[in-house]
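The values are calculated or read from the model by the stated rules, or taken from the named source; none is laboratory data. Since this is a predicted model, take the numbers as computed values, not measurements. No Cβ is skipped: glycine too gets one built from the backbone with ideal geometry, and neighbour counts run over all protein chains shown.
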Amino acid sequence: MRHWCFLWMALTTGCGVMGGADGGVDGGQQPDASGICDDDAMAGLARRADGGAVQVRIQRMTPEPAEKGDNTWILRVETPATTTPVGGAQVTLKPFMPQHGHGTNPADFPGTESTTGEYQVGPFNLFMPGRWELNVHVTPDGGAEEIITFHACIEG
């Protein structure tokens, strides 16, 4: 029996199952399937869907950068060409962790418009380390839904 335990420990340690510097369960940044852990979510960043009628700018985020635990963002929905704020839109944040195939509970965080074109989402709990996709679903008044994605790599 002792030999089997030793063999199991040697195999699992060699494969990274027990964690370590490879970004495993020790809480380091975990890459997606391509090996990339892109962390682009930061205040001031604006992004839009391909051919989208609106863009979303992260106005403020608490904390910055995003961290494990509760996060709150102020998002600004604006026109891409003139950055004019777009009021009256439906805004929902849907965090998703592609490496593990799950989101958060609850799955959706509706935005509350505080001033014209600015929407507060959260607090939303990024409850585990790794790469998160932060999908912002925006439906302008009278328009079609667009999905804009930001990324965050959460450390343990």
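Residues checked against (1) in contact with a helix residue (DSSP H, G or I) (Cβ under 7 Å, 6 or more places away or on another chain); (2) closer than 17 Å to residue 87 by Cα; (3) at pLDDT below 95:
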position	(1), (2), (3)
118	no, yes, no
126	no, no, no
134	no, no, no
139	no, yes, no
145	no, yes, no
149	no, no, no
156	no, no, yes
Review point. Is it fair to say residue 90 is in contact with a Leu (Cβ under 9 Å, 6 or more places away or on another chain), touching a residue at least 12 places away in the same chain (Cβ under 8 Å) and either of a type outside the set (Lys, Arg) or under 19 Å from residue 131 (Cβ atoms) (or both)?
Key: no
Practice item. Would you confirm whether any residue within the stretch 112-122 is free of Cβ contacts under 8 Å to residues at least 40 places away in the same chain and surrounded by 15 or more Cβ atoms within 10 Å (Cβ to Cβ)? Key: yes
Point to revise | Checking residue 60 against (1) without any contact (Cβ under 8 Å) to a residue 24 or more places away in the chain; (2) loosely packed, with under 13 Cβ neighbours inside 10 Å, the condition it does not meet | key: (2)
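Residues that are of a type in the set (Lys, Arg): find the strands (runs of 3 or more DSSP E) completely inside the stretch 31-145 holding 1 or more of those. Talk me through it step by step, then tell me what you get.
Details: elements: 46-48, 55-62, 69-78, 90-97, 112-115, 118-126, 130-139.
It comes to 46-48, 55-62, 69-78, 90-97, 130-139.
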Study note, to complete from the structure: Every listed condition ((1) of a type outside the set (Phe, Trp, Tyr); (2) in contact (Cβ under 8 Å) with a residue 60 or more places away in the chain; (3) under 19 Å from residue 48 (Cα atoms)) holds for residue 128 save (3)
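Does residue 149 meet the test of being in contact with a strand residue (DSSP E or B) (Cβ under 9 Å, 6 or more places away or on another chain), farther than 14 Å from residue 40 by Cα and assigned to a strand (DSSP E or B)?
On the way: in contact with a strand residue (DSSP E or B) (Cβ under 9 Å, 6 or more places away or on another chain): yes; farther than 14 Å from residue 40 by Cα: no; assigned to a strand (DSSP E or B): yes.
No; evaluated as a whole, the condition is false for this residue.
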Practice item. Determine whether the stretch 87-103 contains at least one residue that is under 13 Å from the mean Cα position of the chain (by Cα), over 18 Å from residue 136 (Cα atoms) and at pLDDT below 70. Key: no
Check your understanding: Is it fair to say residue 81 is modelled with pLDDT under 95, among the small types (Gly, Ala, Ser) and loosely packed, with under 13 Cβ neighbours inside 10 Å?
Key -> yes
